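The values are calculated or read from the model by the stated rules, or taken from the named source; none is laboratory data. Source: prediction; values computed, not measured. All Cβ positions, glycine included, derive from the backbone under ideal geometry; neighbour counts span all protein chains shown. We work out accessible area using only protein heavy atoms, side chains counted, and drop any ligands, DNA or RNA first. Shrake-Rupley method; radii C 1.70, N 1.55, O 1.52, S 1.80 Å.
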Amino acid sequence: MKRKGIFIVRPLTYACMVFGLLVLGGAGFLAGCGDDDDFVRVGGLVLNKTSLELAVGHTEVLRTTVTPFNASYKELSWESSNPKVAKVDFRGRVFALSAGTAVISAVSKDGGKIATCALTVKKDNSALCKRQDAVMLKAFEDYCKTQKGCPFCDCINQGKFPNMDNNEEVVVLGCYIPDEPETCEGEDLTFAENCLDDEAQCRTCMFAFGKFACKEISREAFWQAWGTCF
């Protein structure tokens, strides 16, 4: 493309420039690389996620869609607004580094189109949750060794967890093997921290729940016992 005697170089002409200059000479460049009438500009950019939550230490790749699909130059750059919380590489892979928030941006090198994703990074409490589950399960196992004909303890005695509907009373719908625990949040995190801070009291609470589930104590007695736990 020639304007006022100046050649405007587009990214797609790079290979042509090298070929024209080194193989065909300057005339080849002038003849073959000066016309960019077929260059299709980037019109927009979309990310597959506009918000994302990750635990510290986890990663995820953000996917982009450039429009139009036949845009000539689709190269992107990536940025993190808070590199202490998360960084992002040239492929769009996000690395969660510490708890906090950040905005991950993809920017088209042609036209400067921008798409963003709001990132929240949370502390990974899965190890804490796993320890809490182990304490609770051990307490249930100790209680249930002496129980027969209780659906709740039938599951525990099989090394499984009961699938419960606990609206008015505990109704066991079946047994299941729990997956790896997810990161604790909110009340679950507070409960796990308190349970592990005083495992003996946590054990007492689990015994109370087992007795309630096996209909050995009333709901009122259960809540009275549970209320002294934490």
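The residues neighbouring Gln147, those whose beta-carbon lies less than 13 Å from its own, together hold a net charge of 0 under the Lys/Arg +1, Asp/Glu -1 convention. Put simply, the amide H of Lys87, placed in the peptide plane, has neighbours under 5 Å in Phe95, Leu97, leaving out anything fewer than 5 places away on its chain. Accessible surface of Arg219, taken over heavy atoms with a 1.4 Å probe and every protein chain present, rounds to 70 Å². Under 5 Å from the amide H of Asn125 lie the amide H atoms of Cys184, each residue being 5 or more positions distant or on a separate chain, with H modelled from the backbone and absent for Pro and chain starts. Rounded to two decimals, the Cα radius of gyration of the stretch 108-195 over 2.2 N^0.38 Å is 1.67.
Note on Tyr176: accessible area approximately 100 square angstrom, rounded to 10, probe 1.4 Å, nucleic acids and ligands left out. Let me check against my output: what whole-number percent is the relative contact order of the stretch 93-230, with C-alpha pairs under 8 Å and at least 6 apart? So the answer I get is 21 percent. The GluC sites (Glu not before Pro) of the stretch 28-129 that meet both conditions, a loop assignment by DSSP and at most 14 other Cβ atoms within 10 Å of the site Cβ, are Glu75.
Our coupling estimate for the stretch 83-98, obtained by passing each phi through the Karplus curve with A = 6.51, B = -1.76, C = 1.60 and θ = phi - 60°, is x, 6, 8, 7, 10, 9, 8, 6, 8, x, 7, 9, 10, 7, 9, 7 Hz, Gly and Pro reported as x.
Converting phi to 3J(HN,Hα) with the Karplus coefficients 6.51, -1.76 and 1.60 and the offset θ = phi - 60°, the stretch 189-199 yields 5, 4, 4, 4, 5, 5, 4, 7, 6, 9, 5 Hz in sequence order, with x at every glycine or proline. Surface composition of the stretch 144-230: carbon plus sulfur atoms contribute 47% of the solvent-accessible area (1.4 Å probe, protein chains only, all chains present). Farthest towards the positive end of the charge dipole of the stretch 33-94, among the residues Gly43, Ser80, Asn70, is the Cα of Ser80, using unit charges on the Cβ of Lys, Arg, Asp and Glu. The gain in end-to-end length when the Val103 to Ser126 segment is fully stretched comes to 5.8 nm, 0.36 nm per residue minus the alpha carbon separation. Could you grab the relative contact order for the stretch 48-170? Cα pairs under 8 Å, six or more apart, rounded to a whole percent. Dividing the mean separation by the residue count of the stretch 48-170 yields 22 percent.
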